[in-house]
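Each remark here refers to the structure printed beneath this line.
The values are calculated or read from the model by the stated rules, or taken from the named source; none is laboratory data. A quick note: this is a predicted structure, and the numbers were derived from the prediction, not measured. Heads up, the Cβs are rebuilt from the backbone with ideal geometry, glycines too, and the neighbour counts pull from every protein chain shown. Ligands, DNA and RNA are excluded from the accessible area calculation, which covers all protein heavy atoms including side chains. Shrake-Rupley method; radii C 1.70, N 1.55, O 1.52, S 1.80 Å.
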Amino acid sequence: MARHSRHEMAARRRPAAVIVGMMGAGKTRLGKEMSQMLGIGFADADQQIEEAIGMSIPKYFARHGEAAFREVERRTVAETLGSFDGIYALGGGAPMTPAVREALHDYAEHGGRVIYLLADPAEAMERARRGGGRPMLDGDADARWMALYEQRDPVYRQVANVIVRTHGMTPKAAARKMIEMTNEGIVHVDGAGIEPYDVRIGEGALNHLPDVLGAGPVRVALIHTQSVQRHSDRARAILRKAGYQVSDIVIPDAEAGKTVQVADGIWQRLGNEGFTRSDAIVGLGGGACTDLAGFVAATWMRGVRYVNCPTSLLAMVDASTGGKTGVNTPQGKNLVGSFYTPAGVLADLRTLTSLPNDIFIEGLGEVAKSGFIRDPEILTILEDHADELRAFDGETFLDSPLKPVVAELIERTVRVKAHHVCADLKEAGLREFLNYGHTFGHAIEQLEHFRWRHGNAVAVGMVYAAELSNLTGHLDRPTVEYTYDLLDRLGLPTSWNGAGFDEVLALMHRDKKARGNTLRFVGLEEIGRPFHLDDPDQQAVREAFERVRQQA
Ligand SMILES: NC(=O)c1ccc[n+]([C@@H]2O[C@H](COP(=O)([O-])OP(=O)(O)OC[C@H]3O[C@@H](n4cnc5c(N)ncnc54)[C@H](O)[C@@H]3O)[C@@H](O)[C@H]2O)c1
Ligand SMILES: O=C(O)C(=O)C[C@@H](O)[C@H](O)[C@H](O)COP(=O)(O)O
């Protein structure tokens, strides 16, 4: 169910999902429902064990004790994790065995989905009582259930990478939700100075909001633009249902929202509404909105919990991950800000249903960038699907063959981003490669007073960087031509003629990579091999500009 590389898929048999949770949570019932919907097999660990030991579990418990039972359970689970490819439901106590936890961890590390099916205690106790045959509930069943729940809940949370609430849902609706939530791409971000977090990519990813926010916050500021009202309504409903007090904060659209004046308005509101350090901020929108929301989260009381919910392709693949937050100033793009890691990123593919075509295409600029600097497979996918991508239509997107293509592009691009960010959060060297095309691109944005979209400016910036790499003897001509050709096929611009060289040069000197009077670029030696191009020949800097301009 989860998307993996074609290689990985062929390499191993393993369950499509493993379900853990308390007795009576509905693991078997919903697991069977999921398997039927997906047309794959279902296995229940307790049933497997009973077949293996040739008697009921209560009888085995009475004769041999819990330790002997856990050993059989451990063996059964280990064998099934390596040989079965359907939905697998574990007994409630299985994850309490350290070796089972390790096996689940290994399974999850290799892309497996461990679902913690959250139980409504009253419903689950009632079901567990009715079901009978549970030696762990001998005596006062309800009191035993609660005691076990307190012990096991933190362990389930530790082993699971998907937590699903299904309270009050029909089995079919619950199973559908579980499928949706397990069918996600997950990219884990970790490294020096980073509190680890996951980027979740899939339909329904917003459902994770309560679990990412956790129990700490009472108030949540939901910062968004008017353009994504439909999705912020859904987020607000999820948050309210989970018991948070939600403050809805609408900011001006796009770069107009990414200013210190807008941040100041929100700081005032948070102050008036009594937001404390344990409260939280959710940013939902394009990259401009999430950059601003992250900046407010980083600065309010010197930092509160922040969840990033990107709704444009560009924000999903780039702005969501890595913790760069900030605002623009009249002198330039992103000049004020901080590195502030989110508690989680929820890229819900449903939000793309309202995304206009031109803004989707703009996002392909940053997708292509990741292909050029690290993952050539991205470029192959872009080439193979250029026409369909160019014709993106949000209204039909979710039911179209384009959905898995876009999901794979997002996941791959986020992995490229995570690779750089995990090794170099504060941009001391490696992370600068993510700035490929940005030195020239940011100058265009500024000179066009932000009427040019970021991804479009980066596309022209990549052409400039490729030309400059060629002029300085690092990149061959065919790769430069390929850059023009691919971007053009995707509907991205490859030239610009909006200002003179001196104005562009002055802005490139203000780029954050510049040091003193030295210009610094990210260049390319070949696809997948970026390098630091420091203080390039001045003639080449000008000639690359002329080449980009002549195309216009
Ligand atoms: N922090 C980072 O690492 C990082 C990385 C890349 C870009 N950025 C920043 O992100 C910004 C660009 O992001 P962007 O391209 O998303 O621009 P944006 O935020 O301006 O969004 C583009 C437009 O699309 C609209 N929109 C977004 N999602 C929508 C949806 N689902 N339905 C309908 N309309 C929707 C927005 O309201 C806006 O009008 C720039 O400010 C850039 O500097 C930051
Ligand atoms: O995350 C990074 O690092 C990047 O450089 C990603 C860029 O694609 C992104 O546009 C970022 O906002 C640029 O940041 P800046 O530091 O150059 O302003």
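Please enumerate, by chain and number, the lysines with C-alpha under 19 Å from the C-alpha of residue 27, excluding those fewer than 8 residues away in the same chain.
Leaving aside lysines fewer than 8 places away in the same chain, those within reach of residue 27 are 172, 177.
Cβ neighbours within 10 Å, averaged per peptide: list 525-532, 407-414, 17-24 in order, most packed at the top.
Packing proxy ranking, top to bottom: 17-24, 407-414, 525-532.
Taking only protein heavy atoms and a 1.4 Å probe, what accessible area per residue, in Å², does the range 15-183 have with all protein chains in place?
44
Out of the total accessible area of the range 185-355 (probe 1.4 Å, heavy atoms of protein only), what percent is carbon and sulfur?
Details: 3020 of 5820 Å².
Carbon plus sulfur share of accessible area: 52 percent.
Report the full-extension gain for the segment residue 481 to residue 172: residue separation times 0.36 nm, less the Cα-Cα distance, to one decimal in nm.
Stretched fully, the residue 481-residue 172 segment lengthens by 106.0 nm.
Computing the accessible area with a 1.4 Å probe over protein heavy atoms, can you report the carbon and sulfur percentage for the range 458-548?
Roughly 42 percent, rounded to a whole number.
Arrange the peptides 109-117, 463-471, 281-289, 51-59 so that the one whose residues have, on average, the most other Cβ atoms within 10 Å appears first.
Result, highest mean first: 281-289, 463-471, 109-117, 51-59.
Using r as the Cβ-Cβ distance of residue 546 and residue 387, and R0 as 41 Å, what FRET efficiency do you calculate, to the nearest 0.05?
The calculated FRET efficiency here is 0.80.
For the range 382-481, report the accessible area per residue in Å² (1.4 Å probe, heavy atoms, rounded to an integer).
Solvent-accessible surface per residue comes out at 37 Å².
Identify all lysines with a Cα-Cα distance to residue 369 below 26 Å; exclude those on the same chain that are fewer than 8 residues away in sequence.
Output for residue 369: 258, 324, 333, 403, 417, 426, 512, 513.
Give me the percent of accessible area attributable to carbon and sulfur for the range 15-183, probe 1.4 angstrom. Don't jump to the answer; show the numbers that get you there.
Numbers: 3600 of 7410 Å².
Ligands and nucleic acids excluded, carbon and sulfur reach 49 percent.
Taking only complete DSSP H runs, can you tell me which helices of the chain stretch 27 Å or more along their own long axis by Cα positions and average at least -1.0 on the Kyte-Doolittle scale?
Counting only whole DSSP H runs, the qualifying helices are 402-423.
Would you list which aspartates and glutamates come within 17 Å of residue 32, measuring only between C-alpha atoms, while excluding same-chain residues fewer than 8 positions from it?
Partners found: 44, 46, 85, 180.
For the range 316-361, what is the accessible area per residue in Å² when the probe is 1.4 Å? Before the final figure, lay out the partial values.
Values: 1350 Å² over 46 residues.
Heavy-atom accessible area per residue stands at 29 Å².
Ratio of alpha-carbon Rg to the 2.2 N^0.38 Å globular estimate for the range 428-551, to two decimals, please.
The value comes to 0.95.
Can you tell me the FRET efficiency between residue 261 and residue 495 if r is taken as the Cβ-Cβ distance and R0 is 45 Å, rounded to the nearest 0.05?
0.85
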